[in-house]
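Working notes, beginning with the structure itself.
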Amino acid sequence: MSIPSPLIVREVGLRDGLQSITRVVPTADKLQWLQAAYGTGLREIEVGSFVPARLLPQLADTAELVAAALRLPGLITSVLVPNLKGAQAALDSGAHRMLLPLSASRAHSLANLRRRPDEVVAEVGRIRAARDAAGSRCLIEVGISTAFGCTIQGAVAEGEVLRLVQAVLDAGAEHVGLADTVGFANPLQVARLFERGLSIAGHRLNCGHFHDTRGLGLANVYAAWQAGVRRFDASMGGIGGCPHAPGASGNVATEDVAWLFAGMGVPTGLKFEALMALRGRVAGWVGGEPLHGAIWRAGLPRTLQEIE
């Protein structure tokens, strides 16, 4: 049997996780979190978002986190930006990758960004022009949220998602991902949409972002992996969520994703003991906020060493 190609896990707890809770974690704790995450073997981390501090005080120290991340050898430092102003801050910070969210649901886009999807596509073009003018090597990625359904709008047509995939690439994004923002997806739907998307975008469609709201997060990760995706977002302890999906449990847990692929012999470079230790520290830093995931409940089986 051939050895499976390595898998990349992008840790998003420091951004997606923290923006979903009201607690403001001190910068010193975040810096420890960043260092510990790096110690688990994670080599891509989304450290924050360049949004106005009045809207998300939890992420007001993003520039400081970027600066610290850039000092860690081999780490790809990622930030989320909502618009051109945020993108300019990302360029100034020296981040390696900026992620711009674009909702495939018109209703969600208006609620979340106060813009229609095609207005966000136009913003991608402006961000690309600014990036090129600055001579920066920062990669532009678009995450297409509500790609599998929306709590506000309901169903989202696959044709619209695919149209937006092509549109953002034409506008200048280097990469694009599909996100089950509110946990509506099922594995057959995931496999079908990623297969159709890959036929359009090829390797430029290179990220899956799944929430475990209804217990199908890992099944959907597996379906996307079978379709050809080799890069996934995940969050320590499964923290994170969407303000337009009340009660949602959050992202797939990083430690659960690591366990899934370890069991299948897929290399991730992640160290289980370090991941579990970090999960315990995260629980303290977020001050009683609920954490999710499954592997922490049962623990690691005695056969772990046999499959690493």
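Among residues belonging to the range 21-51 that are touching a strand residue (DSSP E or B) at 6+ places or on another chain (Cβ under 9 Å) and assigned to a helix (DSSP H, G or I), point out the one that is farthest from H209 (Cα to Cα). Going through the qualifying residues, I end up with K30. What do you reckon, is S105 closer than 14 Å to A179 by Cβ and either touching a Phe, Trp or Tyr at 6+ places or on another chain (Cβ under 7 Å) or crowded, with 20+ Cβ neighbours inside 10 Å (or both)? Spelling it out, S105 is indeed closer than 14 Å to A179 by Cβ and either touching a Phe, Trp or Tyr at 6+ places or on another chain (Cβ under 7 Å) or crowded, with 20+ Cβ neighbours inside 10 Å (or both). The single condition from (1) touching a residue at least 24 places away in the same chain (Cβ under 8 Å); (2) farther than 23 Å from S145 by Cα; (3) in a helix (DSSP H, G or I) that G74 fails is (3). Here R23 meets the list (1) closer than 24 Å to R231 by Cα; (2) of a type in the set (D, E, K, R); (3) over 15 Å from the mean Cα position of the chain (by Cα) almost entirely, failing just condition (1).
Outside any helix (DSSP H, G or I) and not acidic (D, E), is that true of G202? Spelling it out, it is not the case that G202 is outside any helix (DSSP H, G or I) and not acidic (D, E).
A191 meets the conditions (1) surrounded by fewer than 18 Cβ atoms within 10 Å (Cβ to Cβ); (2) farther than 22 Å from V124 by Cα; (3) out of contact with any Gly (no Cβ under 9 Å at 6 or more places or on another chain) in every case but one. The failed one is (1). State whether the residues of the range 112-125 include one that is over 26 Å from A234 (Cβ atoms) and modelled with pLDDT under 95. The answer is yes; a qualifying residue exists.
What about L162, is it part of a helix (DSSP H, G or I), of a type outside the set (G, A, S), touching an Asp or Glu at 6+ places or on another chain (Cβ under 8 Å) and at pLDDT 95 or above? Judged against the criteria, L162 is not a match. Do we have any residue at all in the range 232-241 that's farther than 18 Å from V156 by Cβ, among the β-branched types (V, I, T), at pLDDT below 95 and not in a helix (DSSP H, G or I)? Scanning the range 232-241, I find at least one residue that is farther than 18 Å from V156 by Cβ, among the β-branched types (V, I, T), at pLDDT below 95 and not in a helix (DSSP H, G or I), so the answer is yes.
The condition of being within 18 Å of V12 (Cβ to Cβ), of a type outside the set (D, E, K, R) and touching a residue at least 60 places away in the same chain (Cβ under 8 Å) holds for only one of V182, V142, that being V182.
The values are calculated or read from the model by the stated rules, or taken from the named source; none is laboratory data. These numbers were taken from a predicted model, which means no experiment stands behind them. Quick reminder, even Gly has a Cβ in these numbers, built from the backbone with ideal geometry, and neighbours come from all protein chains shown.
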